[in-house]
Amino acid sequence: MNATTRVKPNWVDFHCHLDLYPDHAALIEECDQEGVATLTVTTTPKAWARNRDMAAHAKHVRVALGLHPQLVGERESEIVLFESLLSEARYVGEVGLDASPRFYRNFAAQERVFERVLRACAEHGDKVLTVHSVRSVSKVLGHVEKSLPPGRGRVVLHWFTGSLSEARRAIDLGCYFSINSEMLKGPRHRALVEQLPVERILTETDGPFVQSNGVAVRPRAVADTVINLALVKGLNPSVMAALILRNLSGLLSR
Ligand code: MN
């Protein structure tokens, strides 16, 4: 096996918080060993430097620069740090909007921050964003339409829970969807995932927030999500796995 084939991943976890597990370094090693192309997101730009350094020599782990919408209430001023670090990062996340009851009082601040994130990404170009859109898909898409023109950046909607018409609007905008195990549990979301074009689908864990039997899922658990997705889509699991890898290559091609 030559160096080129060896670095090809087997799986994709396009949204995970490796720095929120107690064994961050061991997880990076595990992703490399299992061949899980993992995007580890950060929730504050203050976490960027440490995450970047820890994954500096990883084959399969990439780090995203983020400012989580649920933290914007206390951390809006950190958008300045985000903007100053953006030239170092190809990947951006976790960013987005959250209109659930606990965070809705900060929604105006979240919109200000998200708008600046999108404008900065558009200005730099070629960023890939993993975006949170809890109860706010149409707002998120409106901001993307307004401030991140096609060709200036790419958006992956993480843990999408919007309606079918919102999904169609996102597809028309060129968005991808990263699917986790929780999204495939209920019939409503399974039916929605069934409607998504297979060429826009990626997998994610959103660990450690997603758990299985009370234990935080690890990136390698995307293998089970691929099997589940294959069932939803009526495909052979190995075909599904190959499609997801191809989708990742397409997403990242410049
Ligand atoms: Mn997350």
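Observations, loosely collected:
- Answer residue from region 94-128, given it is closer than 22 Å to residue 14 by Cβ and without any contact (Cβ under 8 Å) to a residue 40 or more places away in the chain and is surrounded by the fewest Cβ atoms within 10 Å (Cβ to Cβ) among those: 125
- Qualifying residue in region 155-162 (condition: without any contact (Cβ under 8 Å) to a residue 12 or more places away in the chain and surrounded by fewer than 18 Cβ atoms within 10 Å (Cβ to Cβ)): no
- From the list 68, 60, the one residue that fits, being surrounded by 19 or more Cβ atoms within 10 Å (Cβ to Cβ), under 19 Å from the mean Cα position of the chain (by Cα) and over 20 Å from residue 132 (Cα atoms), is 60.
- Each residue in region 56-79 was checked for being assigned to a loop (DSSP other than H, G, I, E, B) and touching a Ser or Thr at 6+ places or on another chain (Cβ under 7 Å), and 4 of them qualify.
- Candidates 82, 14, filtered to the one that is in contact with a Pro (Cβ under 7 Å, 6 or more places away or on another chain), among the aromatic types (Phe, Trp, Tyr) and crowded, with 19+ Cβ neighbours inside 10 Å: 82
- In region 190-225, of all residues being small (Gly, Ala, Ser) and in contact with a Phe, Trp or Tyr (Cβ under 8 Å, 6 or more places away or on another chain), the one that is surrounded by the most Cβ atoms within 10 Å (Cβ to Cβ) corresponds to 207.
- Residue among 165, 181 that is modelled with pLDDT of 95 or more and surrounded by fewer than 21 Cβ atoms within 10 Å (Cβ to Cβ): 165
- Test set (1) without any contact (Cβ under 8 Å) to a residue 60 or more places away in the chain; (2) under 22 Å from residue 129 (Cβ atoms); (3) not aromatic (Phe, Trp, Tyr) - residue 207 fails condition number: (1)
- Members of region 47-78 that are in contact with a strand residue (DSSP E or B) (Cβ under 8 Å, 6 or more places away or on another chain) and basic (Lys, Arg): 52, 62
- Residue in region 192-206 that is within 16 Å of the ligand (Cβ to nearest atom), touching a strand residue (DSSP E or B) at 6+ places or on another chain (Cβ under 9 Å), closer than 20 Å to residue 9 by Cβ and of a type in the set (Lys, Arg) present: no
- With respect to the conditions (1) touching a helix residue (DSSP H, G or I) at 6+ places or on another chain (Cβ under 8 Å); (2) within 16 Å of the ligand (Cβ to nearest atom); (3) more than 18 Å from residue 158 (Cβ to Cβ), residue 10 falls short on a single one, namely (2).
- Listed by first and then second residue, the pairs linking a residue in region 43-62 that is at positive phi to a residue that is buried (at least 17 other Cβ atoms within 10 Å of the Cβ), with Cβ atoms under 9 Å apart and 6 or more places separating them unless they lie on different chains, form an empty list.
- Qualifying residue in region 68-89 (condition: touching a Gly at 6+ places or on another chain (Cβ under 9 Å), within 14 Å of the ligand (Cβ to nearest atom) and aliphatic (A, V, I, L, M)): no
- Top-ranked residue of region 191-238 - restricted to ones that are assigned to a helix (DSSP H, G or I) and of a type in the set (Ser, Thr, Tyr), ranked as nearest to residue 177 (Cα to Cα): 225
- Qualifying residue in region 106-114 (condition: in contact with a Lys or Arg (Cβ under 7 Å, 6 or more places away or on another chain) and within 16 Å of the ligand (Cβ to nearest atom)): no
The values are calculated or read from the model by the stated rules, or taken from the named source; none is laboratory data. Remember, it's a predicted structure, so these values are computed and weren't measured experimentally. Here the Cβ is made from the backbone with ideal geometry for all residues, glycine too, and neighbour counts use every protein chain on show.
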